[in-house]
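Step one of this worksheet: look at the structure below.
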Amino acid sequence: MKIKLVAYGVARDIINQKTIDFELSGSTVSDLRQALFAQYPEFEKLNSMRFAVNDMYKEEDELIQAEDEVILIPPVSGG
Amino acid sequence: MKIKLVAYGVARDIINQKTIDFELSGSTVSDLRQALFAQYPEFEKLNSMRFAVNDMYKEEDELIQAEDEVILIPPVSGG
Amino acid sequence: MIDIKILDQTLDTDYCRSFVTHPSAGGIVVFVGTVRDQTQGKPVQKLEFEAFESMAIKEMAKIAEAIQEKWDAIHVAIHHRVGTLDISDIAVIIAVSTPHRKAAFEACQYAIDTLKETVPIWKKEFFDDGEVWVAAHP
Amino acid sequence: MIDIKILDQTLDTDYCRSFVTHPSAGGIVVFVGTVRDQTQGKPVQKLEFEAFESMAIKEMAKIAEAIQEKWDAIHVAIHHRVGTLDISDIAVIIAVSTPHRKAAFEACQYAIDTLKETVPIWKKEFFDDGEVWVAAHP
């Protein structure tokens, strides 16, 4: 399925744009992580990468829907 | 010897004035405490009573000089 | 009450202190995070903060609610700055009022520790010779 | 730097925050003590603070110096109000800046705990039916 990815911080630098359409063959956050890291190996070097949908963090085994906008959340550093 | 006592807070209420001249027969803070408490038994009811000379707390065994102005410091409650 | 803001202008310590003031409060603790002039000895020129705002607001509100739940906090204000900041500018303010002061210290410290772990805000440090997303890489 | 004041007018949180701000500070913690509206359920009308000023200033300075020594505090401001205060008025402000934020929380908490034990300032609470020197009697 095709999903939309929105990237912040260093994640935006890695994919070189703020939003991309991404072709995902699996259906979980874990599937997305593997596909994304395969396409952009730079993600492997980060301290962490989390994913959020509808303003909430998603765990590895949670499902992603075709209409979801998935936010790429690299290590946060507020405060 | 004659010393000057200066009282704050509830201590001032107990001796009913801000400063008094006090006749002290002994020479230590401990002697002063005993004489003062004997004359004003209300001091016994306080949570604590400390004494200061030259802006410093004095321990029980420290000496008091004839020219000293001794500050009566009842339980503090700042903050 | 809870006051959560992400602002692109100077943060106001006294506003936050005033917001959390309450007749039943025994203590107010305010944490103010400012921009440091160096990172591990390397001089910092300026910072940029970027937020995923809708989620950042919700994550900050979660922290405030957790504080009210766990420490009986009366009022909580959390303000975070975004955009370009100079050295000594205020990046974040967290103000907490509680019936007893010990709880205010604990709650405020919990809030800043948690904010730094969960709130989607990113800091980029600018050096003489380049720029770095803080905490991104080992 | 250390800024110690006993004032008979409104205390200024932002002044204290500004005083302790420093380019090397990783965290600023400000404690603000305000007048509560009740003591063990009994409504308080107002407060009066009285200080033995010369010694109170010195004891507050000792606290600030101890903080600089033990927690590497950069700047410390301790302001205490005297005179008549209404509910929610600020009685005390303690602001501390340190290189790392954890130390600022610990140092600020130490400062208010110690101030309440050692600084010769006395608080009288006024109730509907009388007045009491706080903490004087068991």
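The values are calculated or read from the model by the stated rules, or taken from the named source; none is laboratory data. Nothing here was measured: the structure is a model prediction, and the numbers come from that model. No Cβ is skipped: glycine too gets one built from the backbone with ideal geometry, and neighbour counts run over all protein chains shown.
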- Just checking, which of C:Ala104, C:Ala95, C:Ala136 is of a type in the set (A, V, I, L, M), under 20 Å from C:Ser18 (Cβ atoms) and not in a strand (DSSP E or B)? C:Ala104
- Tally, over the range A:11-34, of residues that are outside any strand (DSSP E or B), surrounded by 15 or more Cβ atoms within 10 Å (Cβ to Cβ) and touching a Leu at 6+ places or on another chain (Cβ under 7 Å): 4
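Residue under question is B:Ala35, and the condition is that it be within 13 Å of chain D (Cβ to nearest Cβ), under 10 Å from the mean Cα position of the chain (by Cα) and of a type in the set (A, V, I, L, M, F, W, C); does it hold?
Details: within 13 Å of chain D (Cβ to nearest Cβ): no; under 10 Å from the mean Cα position of the chain (by Cα): yes; of a type in the set (A, V, I, L, M, F, W, C): yes.
Answer is no for this residue.
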- Message: Given (1) within 14 Å of another protein chain (Cβ to nearest Cβ); (2) in contact (Cβ under 8 Å) with a residue 12 or more places away in the chain; (3) farther than 24 Å from D:Pro138 by Cβ, identify the lone condition not met by B:Met56.
- Response: (2)
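Answer yes or no as to whether C:Ser88 is assigned to a loop (DSSP other than H, G, I, E, B), touching a strand residue (DSSP E or B) at 6+ places or on another chain (Cβ under 8 Å) and either closer than 18 Å to C:Val32 by Cβ or among the aliphatic types (A, V, I, L, M) (or both).
yes
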- Message: Which residue is surrounded by the most Cβ atoms within 10 Å (Cβ to Cβ), if the candidates are limited to the range C:95-119 and must be touching a Gly at 6+ places or on another chain (Cβ under 8 Å) and within 14 Å of chain A (Cβ to nearest Cβ)?
- Response: C:Val119
- Message: Among the residues of the range A:18-27, are any within 11 Å of another protein chain (Cβ to nearest Cβ), under 24 Å from C:Glu48 (Cα atoms) and of a type in the set (A, V, I, L, M, F, W, C)?
- Response: no
- Task: Tell me, yes or no, whether the range D:76-87 has at least one residue that is under 12 Å from the mean Cα position of the chain (by Cα), closer than 15 Å to D:Ile112 by Cβ, of a type in the set (Lys, Arg) and modelled with pLDDT of 95 or more.
- Result: yes
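Filter the range A:41-79 down to the residues that are in a loop (DSSP other than H, G, I, E, B) and surrounded by fewer than 15 Cβ atoms within 10 Å (Cβ to Cβ) and list them by number. Working first, answer last.
Narrowing the range A:41-79 to residues in a loop (DSSP other than H, G, I, E, B): A:46-49, A:54-55, A:59-62, A:64-68, A:74-79.
If the condition is that a residue be in a loop (DSSP other than H, G, I, E, B) and surrounded by fewer than 15 Cβ atoms within 10 Å (Cβ to Cβ), then A:Asn47, A:Ser48, A:Asn54, A:Glu59, A:Glu60, A:Asp61, A:Glu62, A:Gln65, A:Ala66, A:Glu67 are the ones that fit.
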- Item | Cross-chain or 6+ apart pairs with Cβ under 8 Å, the range D:44-57 first and touching a residue at least 60 places away in the same chain (Cβ under 8 Å), then assigned to a helix (DSSP H, G or I) | D:Glu50/B:Gly9
- Query: Could you list, in sequence order, the residues of the range B:1-29 that are in contact (Cβ under 8 Å) with a residue 60 or more places away in the chain and among the hydroxyl-bearing types (Ser, Thr, Tyr)?
  - Reply: B:Tyr8
- Note on the structure: When A:Lys45 is run through (1) more than 13 Å from the chain's Cα centre (by Cα); (2) at positive phi; (3) facing another protein chain (nearest Cβ under 10 Å), the failure sits at (2)
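Results for (1) closer than 26 Å to A:Arg50 by Cβ; (2) out of contact with any helix residue (DSSP H, G or I) (no Cβ under 7 Å at 6 or more places or on another chain), shown as yes or no for each residue.
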| residue | (1), (2) |
| --- | --- |
| C:Phe19 | no, yes |
| C:Thr34 | no, yes |
| C:Ala111 | yes, no |
| C:Trp122 | yes, no |
| C:Glu131 | yes, yes |
| C:His137 | yes, no |
